[in-house]
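For reference, the structure discussed in these notes is given below.
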There are 2 protein chains.
Amino acid sequence: MHSAPPEELVLRPIGLVRSPHRDPEATPIQPLFAQGCPATLELLPSLEEGLQDIEGFSHLILIYHLHRSEPGPLIVKPFMDPNPHGIFATRFPSRPNPIGLSIVRLAGRRGPVLDLLDVDILDGTPVLDIKPFFPRFDSPEGAKGGWNDQVAEGDIEARGRRYKK
Amino acid sequence: MHSAPPEELVLRPIGLVRSPHRDPEATPIQPLFAQGCPATLELLPSLEEGLQDIEGFSHLILIYHLHRSEPGPLIVKPFMDPNPHGIFATRFPSRPNPIGLSIVRLAGRRGPVLDLLDVDILDGTPVLDIKPFFPRFDSPEGAKGGWNDQVAEGDIEARGRRYKK
């Protein structure tokens, strides 16, 4: 990069996830493997107005702080594959910036509290942003999933489904 | 929230986007309206190893700092709809935490530089994370898109497509 060094960005959580996942080792790897798993997102009450009309969406993209991850190497073995890959070709939690992303199901809203399903997020996780999932824009057709497409369905499920074990 | 106040999170950019979009007013609203629009992501050379095997993915989820957005109200009128909605029911850039998200097409890689297509991101945008798009996990079936589903296809395109005008 030839421009001035980019600046630091300071973020403050907008809320917290409350989920049954208290042990990172037993937390599902993806929402697909957490189907039906309930959780809540407790938004800061001062931000409640920002949820207006969110009820019309079936899915939300949550961006959160991977607050229990620690820095790690740039080459990792993801949970779903025994082969190593670059960190940016995986969703592995030990990332240069500890940002997590999950697409979860929105079941309902009680004031500043969102009731969620299919949640693969640790209890107490600080949430940084909530974005609506737009089916029109967020489902590219014919997408190829690299190494993840090569892992057999049964293997990926055995490695990813760690809820209710 | 009943626990201790969540802590600040300090992030450092991992790279920069170079795109033809220099004017926020003329930048496409979503990758769907930036089809074919080329850009590059210049990763910090020290992180290049983290890109290993990324070439197998057709789409990437970019998480970035909306570095030119300013704080705004919790109720906004998004670009694609004349009606107001809560900020968390939109992708509007003036958010409590200025985090942007785009699903872009990966066209190739040259060392630490990724060649991208369908890019709706401003030139000079600091990138915070790169995640592979997993078709198996990131395309929920039967998703409902709230107000966004109600906007007619022609209207949404006229409002969103601002590239090559």
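FYI, it's all coordinate maths here, none of it is from the lab. No experiment lies behind these values; they were computed from the predicted model shown. Ideal geometry is used to build each Cβ from the backbone, glycine not excepted, and the neighbour counts take in all protein chains shown.
Given charges of +1 on the Cβ of Lys and Arg and -1 on the Cβ of Asp and Glu, with all other atoms neutral, how large is the dipole of chain A about its Cα centre, in debye to the nearest 20? All intermediate terms of the calculation are to be shown ahead of the outcome.
On the way: 18 positive and 22 negative charges, 74 e Å.
Result for chain A is approximately 360 debye, rounded to the nearest 20.
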With a bin width of 5 angstrom, please list the P(r) values of the range B:68-165 as percents of all Cα-Cα pairs, from the 0 bin to the one holding the largest distance. 2, 9, 16, 20, 22, 19, 9, 3, 1
Using a 7 Å offset from Cα along the direction of the beta-carbon, what are the separations from residue B:49 to the same position in each other copy, nm, ascending? 4.9
Pull up all non-local amide H partners of residue A:107: gap of 5 or more, or a different chain, and H-to-H distance under 5 Å with H placed in the peptide plane. A:115, A:116, A:117
Order by neighbour count: A:77, B:131, A:144, fewest other Cβ atoms within 10 Å first, most last. A:77, A:144, B:131
Can you list, shortest first and in nm, the gaps between the label point of residue A:159 and those of its counterparts in the other copies, using a point 7 Å from Cα in the C-beta direction? 4.2
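Please give the per residue volume of the convex hull enclosing the alpha carbon atoms of chain B, rounded to a whole number of Å³. Display every interim value, and only then the final one.
Working: hull volume 25.8 nm³, N = 165.
So the per-residue Cα hull volume is 157 Å³.
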Placing a label point 7 Å from Cα toward Cβ, how far apart in nm is residue B:77 from its equivalents in the other copies, listed shortest first to one decimal? 5.6
What number do you get for the protein assembly as shown when its Cα radius of gyration is normalised by 2.2 N^0.38 Å, N = residues? 0.93
Counting other beta carbons within 10 Å of each Cβ, put B:23, B:81, A:118 in order, fewest first. B:23, B:81, A:118
The range A:35-115 pair-distance distribution - Cα-Cα, 10 Å bins, rounded %: 16, 37, 27, 18, 2
Taking 8 Å as the Cα distance limit and 6 or more residues as the minimum spacing, I'd like the relative contact order of chain A as a percentage. 37
Using θ = phi - 60° and the Karplus relation 6.51 cos²θ - 1.76 cosθ + 1.60, list the HN-Hα couplings for the range A:95-104 in order, rounded to whole Hz, with x at every Gly or Pro. 10, x, 10, x, 10, x, 9, 9, 9, 10
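Would you tell me the mean number of C-beta atoms belonging to other protein chains that fall within 10 Å of each C-beta in A:42-50, as a whole number? Each step should come with its number before you reach the end.
Working: counts 3, 3, 4, 1, 2, 5, 3, 6, 12.
Other-chain Cβ atoms within 10 Å of each residue's Cβ, averaged: 4.
Residues with beta-carbon under 9 Å from that of residue A:136, excluding residue A:136: net charge, scoring Lys, Arg +1 and Asp, Glu -1? The partial results should precede the final answer.
Working: positive: none; negative: A:138, B:149, B:153.
Counting the neighbours of residue A:136, the net charge comes to -3.
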For the range B:17-65, report the convex hull volume of the alpha-carbon atoms normalised per residue, in Å³, without decimals. 107
